[in-house]
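Asks: Questions regarding the structure given below will be posed in turn.
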Amino acid sequence: MSYPTPDPFRATDAVFLPNPKQDFLLLLRGKIASTRGATLMLMAWVLSSWTLINGSLTVVAQEANARRTVDGPRCNLPWVEEWLDSNIPSLVADYWWLHENPEVSFEEVETAAYVAKAWEAAGLEVTKNVGGHGVVGVLANGSGPTIMLRTDLDALPVTEATGLPRASTKKIVTASGVSTGVMHACGHDVHMTNLIGMARLFSAHRDQWKGTLVLIGQPAEERGGGAEAMLKDGLFTRFPRPDAVVALHCEASSVEQVAFRAGYMMANVDSVDIRVHGRGGHGAAPHTAIDPIVQASELVLSLQTSVSRELKPTEPAVITVGSIHAGTKHNIIGDYCDLQLTVRSYSPEVREQLIAAIRRKAKGIAMAYGAEEPTVTLSDGTPSLFNHEALTLQLKNRVSASIGPNYVQEAEQVMGGEDFSQYGIAGVPVCMYRLGVIDAGRLAAMKKRGQTMSLHSPEFYPDIDRALPMAVRSMAVCAVELFASPPPKK
Ligand SMILES: [Zn+2]
Ligand SMILES: [Zn+2]
């Protein structure tokens with residue numbers, strides 16, 4: 001047994017963490033440079049002699065409620081900042097409920113119900129079960145553009161290892177029989193809380209905008225398919241068709257920074273399964289068999305040159321063989337070898353080129369070994385995310401002008417996938433921007449230790465006190481901008 005390792009940059013107010021010797025670790029949190037901070041230090045001093053005998057004492061000083069510090073970000077919409085000042089604590093409470101109750105893709109029952117209830121309470125007309133567990137909330141407020149904001153609902157089969165007192169303790173057994181924890185390791189709990197905030201904010205301030213606000217809670221982003229399912233279930237026909245769809249996604253970078261990128265931002269994701277055929281035999285008599293493992297090994301290496309030798313060097317692409325399985329025993333040559341690949345690209349042309357190269361090489365190597373032609377199966381992937389260029393530049397400029405250029409970055413292209421792309425493919429201008437959520441000090445400390453933080457990590461957690469206001473602030477600025485100047489209709 002070991003102590004949960006608390007991160008010095010985010011701890012709770014006061015928690016007792018038991019340890020095997022029946023003593024405890026006491027964590028205290030207070031503001032730096034405040035009377036509470038001074039009290040904390042005094043308490044620490046008084047307690048220290050006692051705890052030296054009876055337990056261990058850790059004092060964690062944290063700059064609480066950092067958004068109220070003088071130099072924190074502000075936008076130029078006073079009604080948004082005033083709303084944030086009085087509503088962030090209750091929104092943080094929503095965040096913790098969502099964080100402690102994660103549900104994996106296609107199982108977002110309680111999550112969808114929670115979001116639906118919160119939107120209903122804010123005055124939205126809510127429809128549930130759109131494309132599975134999808135939720136749609138409509139707030140009509142006179143004539144004007146229709147702006148859609150999207151959150152995803154699902155969590156991941158990851159066992160949380162943040163050591164936070166309110167870490168998820170949920171466990172499931174997956175369809176493949178694996179027992180695992182469940183965690184919002186991709187920050188979708190932040191996205192949902194943000195849209196609960198948007199519902200309350202825009203409902204309370206109908207004098208500040210005109211048009212129709214549509215909020216959507218999309219299931220199954222992590223597995224892909226949620227966006228497509230909602231579209232197939234009439235998202236753009238049963239509900240007001242949007243003039244633009246905007247979403248944000250958490251990023252494991254400095255909190256209070258947002259990042260935009262026009263054009264391609266995330267990749268086409270294709271899954272390819274290959275079965276390389278051989279002919280089984282005795283390991284001591286390879287001349288009587290056709291060895292599928294040797295063939296597969298050659299294929300794995302050869303596939304790497306499809307990217308490095310066949311594509312234009314300026315075209316981003318990845319072929320990764322993530323799984324390879326064959327054989328049963330040391331001295332048996334098996335009949336086949338199975339490979340599982342993930343293939344990433346941006347443009348449809350490069351995607352086609354890579355898939356053609358995979359088929360050609362698999363077939364060519366089999367031929368060289370005198371083996372049967374391999375079976376190559378392609379699963380439906382996620383199309384690449386192309387942020388509408390004019391819309392993205394408009395929002396980037398507006399957020400920069402409203403909150404300040406110091407808070408706005410150019411987002412990097414990544415080879416991850418995101419089915420938010422489906423709304424764009426369905427013919428509506430889309431923009432997804434990134435929201436940095438990690439305390440800069442924590443990132444710097446990790447860097448010093450030679451570590452990095454990423455989404456999907458069991459140690460991922462946002463600095464929610466600062467990430468959430470920035471999420472609401474930046475998205476409110478985007479929505480207000482679009483209600484005033486929507487993208488031109490096609
Ligand atoms: Zn994710
Ligand atoms: Zn995600």
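The values are calculated or read from the model by the stated rules, or taken from the named source; none is laboratory data. Keep in mind the model is a prediction, meaning the values are calculated, not measured. Note: ideal-geometry Cβ built from the backbone for every residue, glycine included; neighbour counts use all protein chains shown. To get the accessible areas, we keep the full protein, side chains included, count just its heavy atoms, and leave off ligands, DNA and RNA. Shrake-Rupley method; radii C 1.70, N 1.55, O 1.52, S 1.80 Å.
Asks: Which value, in debye to the nearest 20, gives the size of the charge dipole of the chain about its Cα centre, when Lys and Arg are +1 and Asp and Glu are -1 at the Cβ?
Replies: Using Cβ point charges on Lys, Arg, Asp and Glu, the chain gives about 580 debye.
Asks: Given axes a ≥ b ≥ c from the Cα gyration tensor, I'd like to know whether the chain is rounded (a/c under 1.5), prolate (a/b larger than b/c) or oblate.
Replies: oblate
Asks: Let me ask you something else. As I understand it, the dipole of the chain uses +1 on the Cβ of Lys and Arg and -1 on the Cβ of Asp and Glu, about the Cα centre. Which of Pro73, Asn194, Tyr369 lies farthest toward its positive end?
Replies: It is Pro73, whose Cα lies furthest towards the positive end.
Asks: Can you give the relative contact order of the chain as a percent, counting alpha carbon pairs under 8 Å and 6+ residues apart?
Replies: Dividing the mean separation by the residue count of the chain yields 19 percent.
Asks: Taking the Cα centre of the chain as the origin and placing charges on Cβ (Lys, Arg +1; Asp, Glu -1), which of His325, Ala440, Ser379 is farthest toward the positive end of the dipole?
Replies: Highest projection toward the positive end goes to Ala440.
Asks: Towards the positive end of the charge dipole of the chain, with charges on Cβ (+1 Lys, Arg; -1 Asp, Glu), say which of Leu468, Val255, Ile403 has the farthest Cα.
Replies: Of the options given, the answer is Ile403.
Asks: Hey, can you find the accessible area per residue of the chain for me, probe 1.4 Å, expressed in square angstrom?
Replies: 45
Asks: Just to verify a number: FRET efficiency for Asn331 and Ala445, C-beta to C-beta distance, R0 = 35 Å, to 0.05?
Replies: In this case the efficiency is close to 0.10.
Asks: Suppose the chain between Ser379 and Ile172 were pulled fully straight at 0.36 nm per residue; how much longer would it get relative to their current alpha carbon spacing?
Replies: Length gained, Ser379 through Ile172: 72.0 nm.
Asks: Using only DSSP helix segments of four residues or longer, with each worth -39500 (n - 2.57), what per-residue ellipticity at 222 nm results for the chain after dividing by its residue count and rounding to 500?
Replies: -11500 deg cm²/dmol
Asks: Right, next: Helix 188-204: angle to the longest alpha-carbon principal axis of the chain, degrees 0 to 90, nearest 10?
Replies: Long axis of 188-204 versus the principal axis of the chain: about 40 degrees.
Asks: Considering only DSSP beta bridges with both partners in the chain, what is the antiparallel share in %, to the nearest 5?
Replies: Here the antiparallel bridges make up roughly 65 percent for the chain.
Asks: From largest accessible area down, sort His330, His191, His325; use a 1.4 Å probe on the protein chains.
Replies: Result of the area sort, largest leading: His330, His325, His191.
Asks: In whole percent, and with a 1.4 Å probe on the protein chains, what portion of the accessible area of the stretch 268-381 is carbon and sulfur?
Replies: 55
Asks: Compute the length gained on full extension between Arg238 and Ala356: take 0.36 nm times their separation in residues and subtract their Cα-Cα distance, giving the result in nm to one decimal.
Replies: Between Arg238 and Ala356, full extension yields 38.6 nm more.
Asks: Additional query: Nearest 10 degrees is fine. How inclined is helix 464-484 to the longest principal axis of the chain, computing both from alpha carbons?
Replies: 90
Asks: Under the 0.36 nm per residue contour assumption, what length would be gained going from the current alpha-carbon distance of Lys363 and Glu315 to full extension?
Replies: This chain segment gains 14.8 nm when fully extended.
Asks: A further question on this structure: Amide H to amide H, which residues 5 or more places from Leu455 or on other chains are under 5 Å from it, using H placed in the peptide plane?
Replies: The list, which skips near neighbours in sequence, is Ala252.
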